[in-house]
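Here the structure is laid out as structure tokens; the discussion comes afterwards.
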Amino acid sequence: MSKQYKIETRLFIDGKFTEGHSKKTFPLHNPATEEVVAEVYEADEHDVDEAVAAAKKAQKAWEKSSPDYKAGLIRKLAELIIRDVEELGYLEAVSMGR
């Protein structure tokens, strides 16, 4: 894989990216090369509580959604995976050492 992609390092909470409450990071190493490929934001207790609250809030709307709506979202996810398969492969390779 010759093309490199930007690695998103922020937390994704309640539909948006955030650097987290503490703004602490930790190194993400490629296990095959031991190279640091990114500094990733670390979730603390406050961030986890926010994420759980957002998930509980979203669950109520999800439960009320029709099966057709849910199926449409899953089809869209499949389309995006197919569209971005090279980028996903790159991210898997650098983060898992494959």
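The values are calculated or read from the model by the stated rules, or taken from the named source; none is laboratory data. In this text, all values refer to a predicted model and were calculated from it rather than measured experimentally. Heads up, the Cβs are rebuilt from the backbone with ideal geometry, glycines too, and the neighbour counts pull from every protein chain shown. Note: areas computed on protein heavy atoms with side chains; ligands, DNA, RNA excluded. Shrake-Rupley method; radii C 1.70, N 1.55, O 1.52, S 1.80 Å.
Just one of Ala53, Ala78, Ala43 is hydrophobic (A, V, I, L, M, F, W, C) and part of a loop (DSSP other than H, G, I, E, B); which is it?
On the way: Ala53 fails: part of a loop (DSSP other than H, G, I, E, B); Ala78 fails: part of a loop (DSSP other than H, G, I, E, B).
When all the criteria are applied, what remains is Ala43.
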How many of the residues making up the range 28-52 are open to solvent by 60 Å² or more (accessible area, probe 1.4 Å) and at negative phi? 14
Complete set of residues in the range 81-90 that are open to solvent by less than 50 Å² (accessible area, probe 1.4 Å) and assigned to a helix (DSSP H, G or I): Gly89, Tyr90
Would it be correct to say that Gln59 is over 22 Å from Leu91 (Cβ atoms) and open to solvent by 60 Å² or more (accessible area, probe 1.4 Å)? yes
Quick one: what pairs do we get from the range 19-34, first residue farther than 17 Å from Gly97 by Cα, second surrounded by 14 or more Cβ atoms within 10 Å (Cβ to Cβ) and of a type in the set (Phe, Trp, Tyr), C-beta under 9 Å, 6+ apart or different chains? Glu19/Tyr41; Gly20/Tyr41; Ser22/Tyr41; Lys23/Tyr41; Lys24/Tyr41; Thr25/Tyr41; Phe26/Tyr41
Residue count, the range 39-91, condition of a type in the set (Phe, Trp, Tyr) and within 17 Å of the chain's Cα centre (by Cα), comes to 2
Checking Ala32 against (1) over 20 Å from Arg10 (Cα atoms); (2) in a helix (DSSP H, G or I); (3) not charged (D, E, K, R): exactly one of these is not met. Which one? (2)
Members of the range 16-38 that are closer than 24 Å to Val85 by Cα and modelled with pLDDT of 95 or more: Lys16, Phe17
